[in-house]
Amino acid sequence: MKCIVCGSTNVSEAFVLKNGPRYAQKLLSAQDEKGGGHYDVTLYKCPDCGMVQIDPAGLEHDEYFEDYLMSRSCTELYVQYDTELAETLQAKYGIAGKTIVEIGCGDGFFGELLIQRGARVSAVEPSATACALAEKRGVKCYNTFLDENITGQVSERFDGFVTKQVMDLVKDPNTFLASLGKILKPGAWGLIDVPSWTKTLLDKRYYDVLPDRVGYYTAKTLVEVMERNNFHVTEVFHGAEGEYVGAYVVYEGEKDGLLKGFKHEFETFNREFGALMESYRKAGKKVAAWGAGAKGVTIFSFAGMDSGSIAYVVDKDNFKWNKYLPGSRLKVVAPDTVAEQPVDAMIITGVMFYKEITRQLVRDYGFSGDIILLSPMPHVLPQDELKRLLAS
């Protein structure tokens, strides 16, 4: 037996819980229905990556999922949790008008929350019963399994994805995630959550060891399997009072996709930054910068800036005044220099602080020139955005 995350064969038995039910999340239609007997649950642990799992060879999940259904809108905690996730997706990614695929949509409750926020939602769902309910909520359903053949049934490429409490039931999460990548656009964002093994251990909840749950994930092993499959984890969270561990991710599109793009974007950034500075020079206009921190030091050095391009660098830290940036050798001056030596444009190097710095420049120092931001590429802050910022 192999670890379902890292493929190691160095797995060993952790413990056995005897006389469990054959299924825990699917109820029987009759007392004598197949799957109604007992089942000894053996958990194994991988010492290499830390994954805890059962042996997937003994499962019959295809049959299991074909008519499985769980409604997520029956309890206040689920509704609150899902609503908070939908609002977070809206705030993080601006989902209005975006195409989102949900893997394992159930009755479509979460998909409907996304639709209410302007998203166009499809789902890959093996249960025909679930598909019928989800489509009534406006979710376009593909009644199939997510596997290596998914592109034969789903030709779309999505802007984002959601999969909630699904991957813990999957025998091979690496194939699952690789198949998911086939229907995503490079750079697609996503949300994934699974039941938290950490919560189970801390609360000593033996009843959370389910015979139909293949993987028992912690934050560590969830990140491990996502990163192995070209999903860059941007944030890990615990939700629903710690019941679930989840992650927000970005799909790289290929192995090391973000890394490969980084070098190209670096060259593009320097080229566009240089062209912008040259346009001010040709127009006889002066440019300065605000922020002598590490970001400013590296940006100006990498881009080949010098005193011929940038007149001075302002910083509020008086310990930096009258010193020079390594690489570019630009002089650091006090904020009053903005009024004493006026310039036509000001570069803000501290991306995360640009709103407060812009307000200070205009309100405290009377600056009326262009504000230049450096993310994601060098550009002048549009006047309508500047007006909204100053009014807030």
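The values are calculated or read from the model by the stated rules, or taken from the named source; none is laboratory data. Values in this document were obtained by computation on a predicted structure and should not be read as measured data. Using ideal geometry, Cβ is built from the backbone for each residue, glycine included, and neighbour counts are taken over all protein chains shown. Side chains are part of the model used for accessible areas, which takes the heavy atoms of the whole protein and leaves out ligands, DNA and RNA. Shrake-Rupley method; radii C 1.70, N 1.55, O 1.52, S 1.80 Å.
Observations on the model:
- Cα gyration tensor category, rounded, prolate or oblate, for region 263-338 with a/c compared to 1.5: oblate
- Shape of region 132-174, Cα gyration tensor, a/c cut at 1.5: oblate
- For a modelled paramagnetic label at Ala128, 7 Å from Cα along Cα-to-Cβ, the residues of region 139-173 in reach, with backbone nitrogen under 20 Å, are 139-147, 153-154.
- Exceeding the 28 Å Cα-Cα cut-off - candidates Lys323/Lys387; Lys92/Lys355; Lys92/Lys255: Lys323/Lys387
- Surrounding net charge for Thr99, when Lys and Arg each add one and Asp and Glu each subtract one, Cβ distance under 9 Å: +2
- Separation between Cα centres of region 163-238 and region 278-326, rounded to whole Å: 45
- Charge sum, other residues only, whose C-beta stays under 15 Å from Lys199's C-beta, Lys/Arg counted +1 and Asp/Glu -1: -2
- Under the simplified labelling scheme, the His264-Lys182 pair shows an inter-label distance of 2.4 nm, with each label point 7 Å from Cα along Cα→Cβ.
- Partner aspartates and glutamates for Lys136 [C-alpha distance under 12 Å; skip if fewer than 8 residues away on the same chain]: Asp107, Glu112
- In the context of the full set of protein chains, residues of the chain present 49 Å² of accessible surface per residue (probe radius 1.4 Å, heavy atoms only).
- Neighbourhood net charge (9 Å Cβ-Cβ; Lys/Arg +1, Asp/Glu -1) for Val313: +1
- Relative to the current alpha-carbon distance between Arg329 and Asp256, full extension at 0.36 nm per residue lengthens the span by 22.8 nm.
- Projecting label points 7 angstrom from Cα along Cα→Cβ for Lys220 and Lys285 puts them 5.4 nm apart.
- Cα shape, the chain, gyration tensor, a/c 1.5 rule: prolate
- Relative contact order computed over the chain (Cα-Cα under 8 Å; 6+ residues apart), in percent: 11
- The chain - percent of accessible surface contributed by carbon and sulfur, probe 1.4 Å: 51
- Dipole moment magnitude, nearest 20 debye, region 186-344 about Cα centre, only Lys, Arg, Asp, Glu C-beta charged: 660
- Hits among lysines - C-alpha to C-alpha of Lys220 under 19 Å, sequence gap 8 or more where chains match: Lys2, Lys45, Lys164, Lys171, Lys199
- Segment Phe319-Asn149, extension gain: residue separation times 0.36 nm, minus the distance between their alpha carbons: 55.0 nm
- Computed about the Cα centre, the dipole magnitude for the chain is approximately 1580 debye when only Lys and Arg (+1) and Asp and Glu (-1) carry charge, each at its Cβ.
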